[in-house]
Amino acid sequence: MASHVFALLIGIDDYKSGRIWNLEACAHDAQRMKQWLMQDFQVPKENIALLLNQEATKRRIEDTFMSHLVNNSAIEKGDALIVYFAGHGSTLPAPQDWCEGKLGSVQVLCPYDHDTKGPEGRVAGISDRSLFAMLAELSLIKGDNITLILDCCFPKAQLGSSTRDRRFVRYTPTSKATPEDLFLGLWRGAVGRRFRGEFGFFQDECQSHILLAACRPGEKALEWKEGGKFTSELLTVKDALPLHRVKTSDLSEHLAKGLTHMQQHPVCVGQRKDRVFLNGVPFVADASLVPVNGEKDRLRLEMGAMHGVVEGTEFSVHEHNRFGSINPSLDSFRVYEVHPTWSLARRKSMSKPGGRGSWARITRWNSRTPFRVYVKKTCSYLLRHLFGRNKNSEAELDGIPVKEGLNIVQVETSAKADMSVGVHTRDVRVQNLDHLVPPTAHPLIRIEKDRSRSGVILSEAARFHMHLHRTNPAKPFHESLGMEIFRIDPHTKRRVGPNLLVHGTAAISHSEGARYAVVLHNHSDIDLWPYLAYMDSNGVDIQLLYHPQPS
């Protein structure tokens, strides 16, 4: 579901016009928003368009809006769409016949080339009327799950010319663009469309989108070097609230609590403002969390021997199973009794108070099978050991943090290893050497040199290895099961080839469009519920290709 979130993020510090005071943290804020979407929601990089500084001209913003959002065939109706702007806001006098209602000032977002001459005249920003027409078109085609986030302002009183007045405020006066320039730069779809101009961007009756703004009309949106106050508060609050059940209107109230002392009050407007944030699209079920139930001190975990659970496996208990929403551990349990599909567990500590939760995440597998890792002697490795390094309290393998309970051990030669790891200056390189993986499928994987990310890959590789080598030592169906893999006609689904599985190995040459069937023959007198998993030796991914019906 992360692929159902798309964003256009704009951050402008440096402006083309020398008359506009440059800002300090808008580009950084846009990058932080991108990081949030990619890390917490796992939004693919290609779903995010990022325009910074000189990239964010009026024409480029409008063109990217059309190509990345309106005309993007990957976006389905109802997907969560985010338009984020951090930069200067401004106001211009409204020209005659500009809009319905009381004529006053026009609110505009200031692109990089604001208040400079362009091929179609002087750039007068992206007006409230233009942006509303753009978002109405987007809503008509892609649905109304659109959130407009503005970290800028439109204060009633003009700022003074002193550094103290203008610095740290995301607003600039417009000195040369005229009301006529607003008509010249008007979005073509806005012509003939009704618009209540006296409310600017803050239209509470708006049906096309929800607006989440840094402050009320007339207030100032502030920034420091580390970021805009509004964006910083948003990125703090998202780690404190269960966003999967927070209304967008309630989110703005939580944001206001952290900014009220600065006379900056975030605002949420729009007819859909009482929806859950992003209409709940990113907050899908997290498959790593499984149900638990029972008494406070003893729980039944809906995982058992078939999932790799053994006596001593530990898990944390959580309130919900929603992805991308804060979900802290409430308590810790240790398994003491294991069955094929479920197990029983006790609280690890009876003396410490614990919370109740309905979902569990494995924190320590207590694997019996060792995962042997060979650490290559790179230049980075030698320098680190020559000059020494600070010892960390967590489990480490040559500086890479690893989870306990996965039975990761370091060996002296690659011949004895299931995986080799090379810590280089700029990256970490890992290679799968498992004897069950064909020698032709041992790609070298390069990972950006980040301790936490490298640790995740190593832990996931150990988990992959644990499942690959896991078996029932009693082999109760050893003589009662047969298995076949053969090619089938993609149209008739009929068998067109011999059994490719010979002595437990199937050599399959890649052929474009080929289809295969896996058949399991049960010669026992016991009903079986088979699961078919694909374990990708090019990485550490495990995918279930088939699982039986729950009934």
- Excluding ligands, DNA and RNA, what is the solvent-accessible area per residue of the stretch 45-143 at a probe of 1.4 Å, expressed in Å²? 39 Å²
- How much length is gained if the chain between residue 520 and residue 241 is pulled fully straight, taking 0.36 nm per residue apart and subtracting their Cα-Cα distance, in nm to one decimal? 95.7 nm
- Task: Among the listed pairs 102/229; 77/273; 156/220, give every one whose C-alpha distance is greater than 21 Å.
- Result: 102/229
- With a/c under 1.5 counting as rounded, go ahead and sort the stretch 17-86 into rounded, prolate or oblate using the C-alpha gyration tensor (a ≥ b ≥ c being the square roots of the eigenvalues; past the cut-off, prolate if a/b is larger than b/c, else oblate). oblate
- Top positive-direction residue, dipole computed over the chain with Cβ charges, set 260, 339, 64: 260
- Under 5 Å between amide H atoms, partner at least 5 residues away or on a different chain: which partners does residue 337 have, H built in plane at 1.01 Å? 344
- Roughly speaking, what is the stretch gain from residue 305 to residue 194, that is 0.36 nm per residue apart minus the C-alpha to C-alpha distance, in nm to one decimal? 33.5 nm
- Using a 1.4 Å probe and ignoring any ligands, DNA or RNA, find the accessible area of residue 297 and quote it in Å² to the nearest 10. 60 Å²
- Percentage of Cα-Cα pair distances in the chain greater than 38 Å, rounded to whole percent? 46 percent
- Message: Modelling each spin label as a point 7 Å along the Cα-to-Cβ direction, I'd like the residue 262/residue 534 distance in nm, to one decimal.
- Response: 4.9 nm
- Once the whole set of protein chains is in place, how much accessible area is left on residue 24, using a 1.4 Å probe, in Å² to the nearest 10? 70 Å²
- Note on the structure: By the C-alpha gyration tensor axes a ≥ b ≥ c (rounded if a/c is under 1.5, else prolate when a/b exceeds b/c, else oblate), the shape of the stretch 114-253 is oblate
- For residue 88, enumerate residues with amide H under 5 Å from its amide H, sequence gap 5+ or separate chain, H modeled in the peptide plane. 110
- If the chain between residue 19 and residue 502 were fully stretched, how many nm would it gain, using 0.36 nm times the residue separation less the Cα-Cα distance? 166.2 nm
- Query: Assuming R0 = 60 Å, what is the FRET efficiency of residue 543 and residue 117, from their Cβ-Cβ distance, to the nearest 0.05?
  - Reply: 0.60
- Long-range amide H partners of residue 106, meaning residues 5 or more apart or on another chain whose placed amide H is closer than 5 Å, are 92, 94
- FRET efficiency for residue 411 and residue 31 from the Cβ-Cβ distance with R0 = 60 Å, rounded to 0.05, comes out at 0.90
- Item | Per-residue ³J(HN,Hα) for the stretch 242-259, Karplus 6.51 cos²θ - 1.76 cosθ + 1.60, θ = phi - 60°, Hz, x for Gly and Pro | x, 4, 5, 10, 9, 5, 4, 5, 5, 4, 5, 5, 5, 5, 5, 4, x, 10
- Would you kindly give the portion of the calculated P(r) for the stretch 1-55 that falls above 19 Å, as a percent of all Cα pairs? 34 percent
- FRET efficiency estimate (nearest 0.05) - Cβ-Cβ, residue 39 to residue 493, R0 56 angstrom: 0.85
- Query: Per residue, how many Å² of accessible area does the stretch 144-285 show with a 1.4 Å probe?
  - Reply: 45 Å²
- Heavy-atom accessible area of the chain with neighbours in place, 1.4 angstrom probe: carbon+sulfur share in percent works out to 50 percent
- Could you rank the peptides 356-365, 14-23 by their average count of other C-beta atoms within 10 Å per residue, with the highest value first? 356-365, 14-23
- Counting DSSP beta bridges in the chain, what percent are antiparallel, to the nearest 5? 70 percent
- Ordering 251, 52 from largest to smallest accessible area (1.4 angstrom probe), what's the sequence? 52, 251
- Query: In nm, to one decimal, how far is the residue 253 label point from the residue 330 one, both placed 7 Å along Cα→Cβ?
  - Reply: 2.4 nm
- Message: Suppose only helical runs count, i.e. DSSP H with n ≥ 4. What mean residue ellipticity at 222 nm does that imply for the chain under -39500 (n - 2.57) per run, divided by all residues and rounded to the nearest 500 deg cm²/dmol?
- Response: -5000 deg cm²/dmol
- Message: Report the rotationally averaged projected area of the stretch 34-180 based on its alpha-carbon convex hull, in square nanometres.
- Response: 10.5 nm²
- Query: What is the stretch 29-164's relative contact order, in percent, from Cα pairs under 8 angstrom and six or more apart in sequence?
  - Reply: 29 percent
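The values are calculated or read from the model by the stated rules, or taken from the named source; none is laboratory data. In this text, all values refer to a predicted model and were calculated from it rather than measured experimentally. In this analysis, Cβ positions are derived from the backbone assuming ideal geometry, glycine residues included, and neighbour counts consider all displayed protein chains. Areas reflect the complete protein model, heavy atoms only, side chains present, ligands, DNA and RNA absent. Shrake-Rupley method; radii C 1.70, N 1.55, O 1.52, S 1.80 Å.
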